[in-house]
1. Among residues belonging to segment A:76-89 that are over 25 Å from B:Tyr164 (Cα atoms), open to solvent by 60 Å² or more (accessible area, probe 1.4 Å) and not hydrophobic (A, V, I, L, M, F, W, C), point out the one that is nearest to the other protein chains (Cβ to nearest Cβ).
2. Output the residues belonging to segment B:271-296 that are over 29 Å from B:Glu372 (Cα atoms) and under 21 Å from the mean Cα position of the chain (by Cα).
3. Looking for something under 25 Å from B:Lys156 (Cβ atoms), at pLDDT below 90 and small (Gly, Ala, Ser) - is there at least one such residue anywhere in segment B:72-94?
4. Out of the residues in segment B:167-187 that are in contact with a Cys (Cβ under 6 Å, 6 or more places away or on another chain) and either open to solvent by less than 50 Å² (accessible area, probe 1.4 Å) or charged (D, E, K, R) (or both), state the one that is nearest to the other protein chains (Cβ to nearest Cβ).
5. Give the residues of segment B:279-304 that are closer than 21 Å to B:Val250 by Cβ and either among the β-branched types (Val, Ile, Thr) or in contact with a strand residue (DSSP E or B) (Cβ under 6 Å, 6 or more places away or on another chain) (or both), sorted by residue number.
6. Would you confirm, using the coordinates I've provided, whether B:Val176 is out of contact with any Lys or Arg (no Cβ under 9 Å at 6 or more places or on another chain) and either at pLDDT 95 or above or part of a loop (DSSP other than H, G, I, E, B) (or both)?
7. Could you give me the residue pairs with C-beta distances under 9 Å whose first residue belongs to segment B:139-166 and is at the interface with chain A (Cβ under 9 Å from one of its Cβ atoms) and closer than 16 Å to B:Pro112 by Cβ, whose second residue is surrounded by fewer than 21 Cβ atoms within 10 Å (Cβ to Cβ) and of a type in the set (Val, Ile, Thr) wherever it lies, and which are 6+ apart or on separate chains?
8. For segment B:96-115, how many residues meet the condition of being open to solvent by 30 Å² or more (accessible area, probe 1.4 Å), more than 14 Å from chain A (Cβ to nearest Cβ) and modelled with pLDDT under 95?
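The values are calculated or read from the model by the stated rules, or taken from the named source; none is laboratory data. Small disclaimer: the values here were computed from a predicted structure and weren't measured. All Cβ positions, even for glycine, are placed from backbone atoms using ideal geometry, and neighbour counts span all protein chains on display. To get the accessible areas, we keep the full protein, side chains included, count just its heavy atoms, and leave off ligands, DNA and RNA. Shrake-Rupley method; radii C 1.70, N 1.55, O 1.52, S 1.80 Å.
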Amino acid sequence: MKYVLLFVETEEFARELEAMDEAAREAAFEAVGRWFAEHAAVITHHAHLRPAETATTMRLTGGDALVTDGPFVEGKEVVSGYAEIEVADLDEALAVARTWPACPIIEIRPLT
Amino acid sequence: MTDPPAEQVHAELARVVREHAGRLTACLVRVLGDFAAAEDVVQDAVETALRRWPDDGVPDHPDAWLLTVARRRGLDVLRRQELYRDKLARMRGPVPSEPDDRLKLIFTCCHPALPRAAQIALTLRAVCGLTTAQIAAAFLVPEPTVGQRITRAKRKIGEAGIPYRVPADADLPDRVNQVLAVIYLLFNEGYLPTAGDRPHARDLADDAEWLTAQLAWLLPKQPEVLGLLALIRLHQARTSARFTPAGRLVPLRDQDRRRWDHDAITEATRLIERAAALRRPGPYQVQAAIVACHAEAPTWADTDWPQIVVLYDMLLALSPSPVHRLQRAIALHHHPGTRGGPRNALADLDALTPADRKTLENYPLYHATRAELLRALNQPEAAQAADRQALALTTNPAQQALLEERLTNS
């Protein structure tokens, strides 16, 4: 089955990342790189999103297109990237997500 | 010759269905490779059995009977769909049972990706063979609500790829704990229902005991499973002394200990020893040990309170919870040493963190305990006020009666 792991950042996580010195940040990025390398066999596709400030949302209602600045949910948690994986079942998807070394929330969505 | 009482017939029916329905669902999930379809056809067979057996009598081979009905129902449901043709063919012959099947079924029903209420409903229906109507009645929720929970859960199992298998070794302790949490909730609902006219809904407690026994048999090396089984059996060994014939709750202190099932208590303590030999202590094992201390005391006065306080300290180290803190304070009240007594116990409750207090404020036992402590400290007015708060919070009729009596007599 195919799943998308949606990586979700929190304000606290962003602050921690901000507060890191060069070496710590580099180590954090390396950990993420290792994770992608370790799971390369099941990852079919992945991308990192630019920060939420760069997001634009369009709402299509009654023929109108309302364009606003920012992500579609106002909140402290924003999607920062995703990885599409192909594994046997949800337990295997959870096992892959379990080792994710960066942001603290992951939504796991099956694909049709 | 008179007919056996309806209650007895009902209990026998529940026992037979429980024994066979889950086993059939479990192997049909494997044979059909489709959780939702297997669960549906067995549920239908169970409903038919509950209609027919009270009049026709329980058949000699209930499992074969259920399979025949499930197969017929399967024909109706499945033959309409091209996709199911070959699945149906797999139901023709006898369905071989594998011991692992029921375990897989339990893990699927209690998968952490399902909401708790759905885990409970699905476990009762698919593993214990309860009907949607029986589950709705036990939890006092409308039947369509239970039906919807089950439908949604089954859809998620299919669409999100929740597997039908025993979890990997690394995940097993965590997943076992999830299952135990579901069973423990079931047991508590049966042991002291939050609502309803029956103060003691026996069925759910029996189902919980049965489920835990199955799990203990299938997973003999999981000490927490043995711990929960001991805990449940220790509670059940005292059932007959917990209520007066009129259905009034009897506090532990006043129970007639001769009416406890002392053989069952001895057997349950052996389970605790078996669990302890595996050398992985956990909250259920410690809770069982605490209940065993009570169960083995010949009288209330002989209770080993210092030992109970030590066990609560262990429990709090393993699983810090405001409810366990409250229970420790109750034990401390009766501790005969200088550390114990009502003043120390009340001081402990007063020293709770704001978050813990906030949780306990909604908990009737917290106020009832404060009332007892205040009464022991000669503050009858404050005690009355606390009892009234407890009364306002409890929805269990037996507890209500007990509190009302205390308010009138003190």
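1. Filtering segment A:76-89 for residues that are over 25 Å from B:Tyr164 (Cα atoms), open to solvent by 60 Å² or more (accessible area, probe 1.4 Å) and not hydrophobic (A, V, I, L, M, F, W, C), the one nearest to the other protein chains (Cβ to nearest Cβ) comes out as A:Tyr82.
2. Hits for segment B:271-296 are B:Leu271, B:Ile272, B:Ala275, B:Pro281, B:Gly282.
3. Within segment B:72-94 (the criterion being under 25 Å from B:Lys156 (Cβ atoms), at pLDDT below 90 and small (Gly, Ala, Ser)), the answer is yes, since at least one residue qualifies.
4. Ranking the candidates gives B:Val179 first.
5. Within segment B:279-304, B:Ile290, B:Val291, B:Thr299, B:Thr303 meet the criteria.
6. Working: out of contact with any Lys or Arg (no Cβ under 9 Å at 6 or more places or on another chain): yes; either at pLDDT 95 or above or part of a loop (DSSP other than H, G, I, E, B) (or both): yes.
Judged against the criteria, B:Val176 is a match.
7. Between residues of segment B:139-166 that are at the interface with chain A (Cβ under 9 Å from one of its Cβ atoms) and closer than 16 Å to B:Pro112 by Cβ and residues that are surrounded by fewer than 21 Cβ atoms within 10 Å (Cβ to Cβ) and of a type in the set (Val, Ile, Thr), the close pairs are B:Ala160/A:Ile108; B:Gly161/A:Val87.
8. Selection size over segment B:96-115: 5.
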